[in-house]
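Trainee: Quick one: the structure is below, and I'll ask about it shortly.
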Amino acid sequence: MEQRTFVDWTLRPRLLATRGVAKVAVFGGEVRQLQVQLIPERLRLYQVGLSEVLAAAGRATGVRGAGVLDTPNQRIVVRTEGQLLSPDALARSVVRERAGAVLRLGDLGRVVEAPETRFGEGGVNGERGLVIVVSGQMGANTKVVAAAVEEALQALRPAIAAVGLTLHPALFRPSEFIDLALRNITTSLLLGAALVAVVLFVFLADAGAAAISLTAIPLSLLAAIIVLDRFGFGINTLTLGGLAIALGEVVDDAIIDVENIARRLREHRAAGSPRSTSDVVLEASLEVRSSVVYATFVVALVFLPVLALSGVQGALFRPLGLAYILATVASLAVALTVTPALTLTLLGRRSGGAHEARLLSWLKQRYRRCLEWLCDRPYAVGGAALLACVAAALTLPFFGATFLPEFREGHYLVHMSAVPGTSLDETFRLGQQVTAALRTDPRVRSVAQRIGRAELSEDTWGTHYTEFEVDLVPLTGEAAVTVQDDLRRILGRFPGVNFAIRGFLAERIEETLTGSTAEVVVKVFGDDLDSLDVAARRVAELVRSVPGASDVQYDPPPVTPELAIRLRPADLAQTGLAADDALAAIETATRGVKVTQTFEGNRATDVVVILDPDARARPEDLRSLPLMSAAGRMVTLSDVAAVARTTGRFLISHQGARRVQTVTADAGGDEAGFAAELGRRLAATRLPAGVYAELGGTAAAQRDAQRELLLHGLLAGAGIVMLLALAFGNASRLLLVLANLPFALVGGVLAVFATGGLLSLGSLVGFATLFGIATRNAVMLVSHYEHLVAVEGASWGRATVVRGALERLGPILMTALVTALALVPLAVGSGDPGREIEGPMAIVILGGLLTSTLLSLFVLPTLALRWGRFAPAPE
């Protein structure tokens, strides 16, 4: 009992005073009260009514102000002390005196220290305890708030130990997931940068050129971080994920610039031209400048639909998209300014000429033979490419879809719902058994149980409802993938109760989307409650019949046990008892009435009058509750009311001014396919008259996000087409560039198929990103063909096609490889904390890069030779 008092008066205020804390809810413990527990037989014996007892208890103790006394030279404040702070003193308080006989409160029952009626309970690893839920303020930094809360708890540790409590400060710490996610995404960034450096040194075969290209990475990322900070976006897994995805691309512009300058410098030195080195560097940089600018703008435009996403999906992907665009635009600025200057300084002053990398020379020899063979077969090459694109497009409708992948938080919320009306003690007993079963899994670190509701909690759950905080040891690989299914099998051993397992982030997202914590939500609307019950039961059976359904639950359960007390007006009139007096007596007997408070220091204790627990052990005992009429006549409750056990609604929910019952479930991965199948079955199911069902959940959010991406993507696509038309001014060249896009789809589709055939929102964003990246290589090749013909005066034909492709082989391979290798850590670690959203994106981009690069190198030159139109610049 004193434990909860300690929490109320010491721990909660200290935590609420912590910067960034919005709310502290405490599950478990007891609140101290001074209770006058009345015995009905003694009330009848002394002929005392409840109203007289309430008045006497209220007069017995309390706090009143007083005045002042003025003397000629002083003002004296009068302070009164009359509180009865102990049960014994309160028991001696006088109720009345007749003929010298004094009736005291203690004569009418027991006056004791007792706990307030509880609506919730807490447990830690199967033992009763206090579970304290600390919520941060909106916009507060979770890591900073968590550190401040833990510091406050450490300061209170001696006081906590003094009352016999053991502190478990880490039952659930979201900051642990944040730390792990940031560590993983940072590792991906560093590893990706290292792989990019290796590729540059191998292909450029020049430490100076590689170092110049690598300078684009820190300069671009730092510029993006500075702008993000100015916009109010912190460094988190989403912004870091955007930078990680852009890592390979921020160096692309610099690679193209450096490679072209280095090649022109080699040609300049080999020819012994009298032109100055600075002129050669300037011309080489200007040669690729327009194509670099247009290609970068295309990449940025492709990501604009991601910024336009609304709702939860927008909140998740907007920081990622903004970081990606800022890093890409910053890389363009670096390539246009810093890269040429560094190249002139480090490469232009050399007296000798660097040789082309041996690997690149070897690749060019074999590439030439392959390309010349393909140029003789344009129709076969074009037909094969078209067939592959059509086949990939036809497989898309057969893929499953999910809103977001599962977050590997290392923590689960397990919801347990028993029969409404189950007592706190029975629910706790069940919870102990569930806790013991869960802790048999060696991956479970701790289990905290929260029953019902806390005093300051926003939830309104009954005593039959429990949430378990299941914290796991750090997991990777197969153990992390299978843990949820293994826990679900453990919970399947407990019949008669419903369970649902959700991750914390997934639950918050789903609750924001639909108001329910599940992937699939069916809301059944109607006016008649009985018809709603029938319909909800039928819908729940229908949901269970769909393959992949799990954790099917009603929300809320329909009924709870009640004791119905119906006053009889005629009997009230006959006995001279007012209805309000009878109802007040029932309230006093069952809930208790606070009559006053006592104060010890800064701690307040309620004084409550209530019926003795033994006198209300059975609901039928209330029939003998004594009532006193205004005329002094003593009757019992059964004389004026009908008292009977019955059932009533635990909760009646409304939405849109209509009664609603909710059936929830998890879909087992393919949320879109599950929702489609369930929708078909619901359409074929007859519900009672006046009842209809609406299907919602994350599948609906997936459809909305997909629709938004498609609509905004079409607008962005129109902008890209206009930008490319401005760049090339020729329909045939524009079509050559656009031909690269569907072939990029082939690789993305193959990548999704190889990783389970499940499209998440991250995968869709990956496709959008992929189209921008794939366009870059096509722009570089087509613009180089244009330069060879229009500027250098080469005649359009097989020789020019092969020459242009060979000269662009190095930049295309390097940009593709650095982009791909920068994404490899994200793709390999897809599903690890911090990579859940970016991982599917990286997988799609990697697959699409493979096929789009092959198209740029082998198919695009063949198509350009057959259908391209390149002419010399007019005189």
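The values are calculated or read from the model by the stated rules, or taken from the named source; none is laboratory data. Since the model is a prediction, treat every value here as computed from it, not as a measurement. We place every Cβ from the backbone using ideal geometry, glycine too, and count neighbours over all the protein chains shown. Note: accessible area is taken over every heavy atom of the protein model, side chains too, but ligands, DNA and RNA are not part of it. Shrake-Rupley method; radii C 1.70, N 1.55, O 1.52, S 1.80 Å.
Trainee: Can you name the number of the only condition in (1) open to solvent by 10 Å² or more (accessible area, probe 1.4 Å); (2) polar (S, T, N, Q); (3) within 24 Å of the chain's Cα centre (by Cα) that Thr698 fails?
Mentor: (1)
Trainee: Would you confirm, using the coordinates I've provided, whether Phe468 is farther than 27 Å from Glu127 by Cβ, buried (at least 18 other Cβ atoms within 10 Å of the Cβ) and at pLDDT 85 or above? Explain how you work it out, then say what you get.
Mentor: Working: farther than 27 Å from Glu127 by Cβ: no; buried (at least 18 other Cβ atoms within 10 Å of the Cβ): yes; at pLDDT 85 or above: yes.
The answer is no for Phe468.
Trainee: Looking only at residues that are crowded, with 22+ Cβ neighbours inside 10 Å and in contact with a Gly (Cβ under 9 Å, 6 or more places away or on another chain) in the stretch 721-738, which one is nearest to Gly847 (Cα to Cα)?
Mentor: In the first step, residues of the stretch 721-738 are kept if they are crowded, with 22+ Cβ neighbours inside 10 Å; the result is 724, 727, 733, 736-737.
Still in the list and also in contact with a Gly (Cβ under 9 Å, 6 or more places away or on another chain): 733, 736.
Details: Arg733: 25, Leu736: 21 Å.
If we take residues in the stretch 721-738 being crowded, with 22+ Cβ neighbours inside 10 Å and in contact with a Gly (Cβ under 9 Å, 6 or more places away or on another chain), then Leu736 is nearest to Gly847 (Cα to Cα).
Trainee: Restricting attention to the stretch 84-100, and to residues there that are open to solvent by less than 60 Å² (accessible area, probe 1.4 Å) and not basic (Lys, Arg), which single residue is modelled with the lowest pLDDT? Working first, answer last.
Mentor: Going through the stretch 84-100, the residues open to solvent by less than 60 Å² (accessible area, probe 1.4 Å) turn out to be 84, 86-87, 89-91, 93, 95-96.
Checking the rest, the ones that are also not basic (Lys, Arg) come to 84, 86-87, 89-91, 93, 95.
On the way: Leu84: 79, Ser86: 87, Pro87: 89, Ala89: 88, Leu90: 90, Ala91: 90, Ser93: 89, Val95: 89.
Looking at residues that are open to solvent by less than 60 Å² (accessible area, probe 1.4 Å) and not basic (Lys, Arg), I get Leu84.
Trainee: Related question: Would the stretch 209-218 turn up any residue that is closer than 21 Å to Thr142 by Cβ and out of contact with any Ser or Thr (no Cβ under 9 Å at 6 or more places or on another chain)? First the steps, then the outcome.
Mentor: Our first condition is that a residue be closer than 21 Å to Thr142 by Cβ; within the stretch 209-218, this holds for none.
No, the stretch 209-218 contains no residue that is closer than 21 Å to Thr142 by Cβ and out of contact with any Ser or Thr (no Cβ under 9 Å at 6 or more places or on another chain).
Trainee: Can you tell me which of Ala667, Ala675, Ala641 is open to solvent by less than 50 Å² (accessible area, probe 1.4 Å) and touching an Asp or Glu at 6+ places or on another chain (Cβ under 7 Å)?
Mentor: On the way: Ala675 fails: touching an Asp or Glu at 6+ places or on another chain (Cβ under 7 Å); Ala641 fails: touching an Asp or Glu at 6+ places or on another chain (Cβ under 7 Å).
That would be Ala667, the only listed residue that is open to solvent by less than 50 Å² (accessible area, probe 1.4 Å) and touching an Asp or Glu at 6+ places or on another chain (Cβ under 7 Å).
Trainee: Any residue in the stretch 232-247 that is free of Cβ contacts under 8 Å to residues at least 60 places away in the same chain, part of a helix (DSSP H, G or I) and open to solvent by 50 Å² or more (accessible area, probe 1.4 Å)?
Mentor: Of all residues in the stretch 232-247, those free of Cβ contacts under 8 Å to residues at least 60 places away in the same chain come to 232, 235.
Checking which are part of a helix (DSSP H, G or I) leaves us with none.
Checking the stretch 232-247: not a single residue is free of Cβ contacts under 8 Å to residues at least 60 places away in the same chain, part of a helix (DSSP H, G or I) and open to solvent by 50 Å² or more (accessible area, probe 1.4 Å).
Trainee: A further question follows. With (1) in contact with a helix residue (DSSP H, G or I) (Cβ under 9 Å, 6 or more places away or on another chain); (2) charged (D, E, K, R); (3) open to solvent by 30 Å² or more (accessible area, probe 1.4 Å) as the list, and Asp551 as the residue in question, which single condition is left unmet?
Mentor: Unmet for Asp551, out of (1) in contact with a helix residue (DSSP H, G or I) (Cβ under 9 Å, 6 or more places away or on another chain); (2) charged (D, E, K, R); (3) open to solvent by 30 Å² or more (accessible area, probe 1.4 Å): (3).
Trainee: Look at Asp704 and say whether it is open to solvent by less than 30 Å² (accessible area, probe 1.4 Å), within 25 Å of the chain's Cα centre (by Cα) and not aromatic (Phe, Trp, Tyr). If you could, list the steps in order and put the result at the bottom.
Mentor: Values: open to solvent by less than 30 Å² (accessible area, probe 1.4 Å): no; within 25 Å of the chain's Cα centre (by Cα): yes; not aromatic (Phe, Trp, Tyr): yes.
So Asp704 does not fit the description; no.
Trainee: Filter the stretch 16-43 for residues that are touching a Leu at 6+ places or on another chain (Cβ under 8 Å) and either in a helix (DSSP H, G or I) or among the aliphatic types (A, V, I, L, M) (or both) and give the result.
Mentor: At the first step, the residues of the stretch 16-43 found to be touching a Leu at 6+ places or on another chain (Cβ under 8 Å) are 21, 23-29, 34, 36-40, 42-43.
Correct list: Val21, Val24, Ala25, Val26, Leu34, Val36, Leu38, Ile39, Pro40, Arg42, Leu43.
Trainee: Something else about it: Tell me which residues, restricted to the stretch 338-349, are in contact (Cβ under 8 Å) with a residue 24 or more places away in the chain and part of a helix (DSSP H, G or I). Quick ask: steps written out before the conclusion?
Mentor: Narrowing the stretch 338-349 to residues in contact (Cβ under 8 Å) with a residue 24 or more places away in the chain: 338-340, 342-344, 346-349.
Of everything in the stretch 338-349, those that are in contact (Cβ under 8 Å) with a residue 24 or more places away in the chain and part of a helix (DSSP H, G or I) turn out to be Val338, Thr339, Pro340, Leu342, Thr343, Leu344, Leu346.
Trainee: Can you go through Ala284, Ala335 and tell me which one is surrounded by 23 or more Cβ atoms within 10 Å (Cβ to Cβ), free of Cβ contacts under 8 Å to residues at least 40 places away in the same chain and among the hydrophobic types (A, V, I, L, M, F, W, C)? Break it down stepwise before answering.
Mentor: Numbers: Ala335 fails: free of Cβ contacts under 8 Å to residues at least 40 places away in the same chain.
When all the criteria are applied, what remains is Ala284.
Trainee: Let me ask something else about it. Looking only at residues in the stretch 367-413 that are within 18 Å of the chain's Cα centre (by Cα) and not hydrophobic (A, V, I, L, M, F, W, C), which one is most open to solvent (accessible area, probe 1.4 Å)?
Mentor: Glu406
Trainee: Mind checking which pairs have a first residue in the stretch 180-191 that is touching a residue at least 40 places away in the same chain (Cβ under 8 Å) and of a type outside the set (A, V, I, L, M, F, W, C) and a second that is part of a helix (DSSP H, G or I) and buried (at least 21 other Cβ atoms within 10 Å of the Cβ), Cβ under 6 Å, 6 or more apart or different chains?
Mentor: What qualifies is Ser188/Ala244; Ser188/Pro825; Ser188/Leu826.
Trainee: Among the candidates Leu750, Leu764, Leu758, which residue alone is farther than 19 Å from Thr853 by Cβ, touching a Ser or Thr at 6+ places or on another chain (Cβ under 9 Å) and open to solvent by 20 Å² or more (accessible area, probe 1.4 Å)? Reasoning before the result, please.
Mentor: On the way: Leu750 fails: farther than 19 Å from Thr853 by Cβ; Leu764 fails: touching a Ser or Thr at 6+ places or on another chain (Cβ under 9 Å).
Result of the check over Leu750, Leu764, Leu758: Leu758.
Trainee: Next up: Look at the stretch 365-416 and say how many of its residues are basic (Lys, Arg) and in contact with a Gly (Cβ under 8 Å, 6 or more places away or on another chain). First the steps, then the outcome.
Mentor: At the first step, the residues of the stretch 365-416 found to be basic (Lys, Arg) are 366, 368-369, 377, 408.
Narrowing the set further to residues that are in contact with a Gly (Cβ under 8 Å, 6 or more places away or on another chain) leaves 408.
Final tally of qualifying residues: 1.
Trainee: Now, a different point. Is it the case that Arg275 is over 22 Å from Val196 (Cβ atoms), open to solvent by 10 Å² or more (accessible area, probe 1.4 Å), at pLDDT 75 or above and of a type outside the set (S, T, N, Q)?
Mentor: Spelling it out, it is not the case that Arg275 is over 22 Å from Val196 (Cβ atoms), open to solvent by 10 Å² or more (accessible area, probe 1.4 Å), at pLDDT 75 or above and of a type outside the set (S, T, N, Q).
Trainee: Can you run down the residue pairs with Cβ atoms below 9 Å, 6 or more apart or on separate chains, where the first is in the stretch 98-121 and free of Cβ contacts under 8 Å to residues at least 60 places away in the same chain and the partner is among the aromatic types (Phe, Trp, Tyr) and open to solvent by 60 Å² or more (accessible area, probe 1.4 Å)?
Mentor: Leu103/Tyr46
Trainee: Looking at (1) surrounded by 19 or more Cβ atoms within 10 Å (Cβ to Cβ); (2) acidic (Asp, Glu); (3) more than 54 Å from the chain's Cα centre (by Cα), which is the only condition Asp107 fails?
Mentor: Going through the list (1) surrounded by 19 or more Cβ atoms within 10 Å (Cβ to Cβ); (2) acidic (Asp, Glu); (3) more than 54 Å from the chain's Cα centre (by Cα), Asp107 breaks only (1).
Trainee: When you check Glu426 against the structure, is it open to solvent by 30 Å² or more (accessible area, probe 1.4 Å) and either part of a loop (DSSP other than H, G, I, E, B) or modelled with pLDDT under 90 (or both), yes or no?
Mentor: On the way: open to solvent by 30 Å² or more (accessible area, probe 1.4 Å): yes; either part of a loop (DSSP other than H, G, I, E, B) or modelled with pLDDT under 90 (or both): no.
So Glu426 does not fit the description; no.
Trainee: Still on this structure, I have one more. When the residues of the stretch 80-118 are filtered to those that are assigned to a strand (DSSP E or B) and of a type outside the set (A, V, I, L, M), which remaining residue is nearest to Leu43 (Cα to Cα)? Steps first, please.
Mentor: Taking the stretch 80-118 as the starting set, the residues that turn out to be assigned to a strand (DSSP E or B) are 94-98, 101-104, 109-115.
Applying the additional criterion that residues be of a type outside the set (A, V, I, L, M) yields 96-98, 104, 109-110, 113, 115.
On the way: Arg96: 13, Glu97: 15, Arg98: 16, Arg104: 12, Gly109: 9, Arg110: 12, Glu113: 21, Pro115: 23 Å.
Out of the qualifying residues, it is Gly109.
Trainee: Give the residues of the stretch 163-198 that are open to solvent by 50 Å² or more (accessible area, probe 1.4 Å), modelled with pLDDT of 80 or more and more than 30 Å from Gly829 (Cα to Cα), sorted by residue number.
Mentor: Listed by number, the residues that qualify are Thr166, His168.
Trainee: Given (1) aliphatic (A, V, I, L, M); (2) farther than 25 Å from Thr853 by Cβ; (3) buried (at least 16 other Cβ atoms within 10 Å of the Cβ), where does Ala744 come up short, assuming only one miss?
Mentor: So the condition that Ala744 fails would be (2).
Trainee: Out of the residues in the stretch 133-150 that are touching a helix residue (DSSP H, G or I) at 6+ places or on another chain (Cβ under 7 Å) and open to solvent by 30 Å² or more (accessible area, probe 1.4 Å), which is nearest to Ala315 (Cα to Cα)?
Mentor: The first filter runs over the stretch 133-150 and keeps only residues touching a helix residue (DSSP H, G or I) at 6+ places or on another chain (Cβ under 7 Å), leaving 134, 136, 142-143, 146, 149.
Checking the rest, the ones that are also open to solvent by 30 Å² or more (accessible area, probe 1.4 Å) come to 134, 136, 142-143.
Details: Val134: 23, Gly136: 18, Thr142: 17, Lys143: 19 Å.
Out of the qualifying residues, it is Thr142.
Trainee: Might you let me know whether the stretch 788-802 holds any residue that is among the basic types (Lys, Arg), part of a helix (DSSP H, G or I) and without any contact (Cβ under 8 Å) to a residue 40 or more places away in the chain?
Mentor: Of all residues in the stretch 788-802, those among the basic types (Lys, Arg) come to 798.
With the extra rule that they be part of a helix (DSSP H, G or I), the set shrinks to 798.
With the extra rule that they be without any contact (Cβ under 8 Å) to a residue 40 or more places away in the chain, the set shrinks to none.
Checked the stretch 788-802: no residue is among the basic types (Lys, Arg), part of a helix (DSSP H, G or I) and without any contact (Cβ under 8 Å) to a residue 40 or more places away in the chain.
Trainee: Here is a list: Thr343, Thr296. Which entry is more than 30 Å from Gly839 (Cβ to Cβ) and either open to solvent by less than 30 Å² (accessible area, probe 1.4 Å) or at pLDDT 80 or above (or both)? Lay out the reasoning, then the answer.
Mentor: Working: Thr296 fails: more than 30 Å from Gly839 (Cβ to Cβ).
None of the other options fit; the residue is Thr343.
Trainee: Would you check if Pro474 is in a loop (DSSP other than H, G, I, E, B) and open to solvent by 60 Å² or more (accessible area, probe 1.4 Å)? So that I can check it myself, show each step before the final result.
Mentor: On the way: in a loop (DSSP other than H, G, I, E, B): yes; open to solvent by 60 Å² or more (accessible area, probe 1.4 Å): yes.
Here the answer is yes, as Pro474 does meet what is asked.
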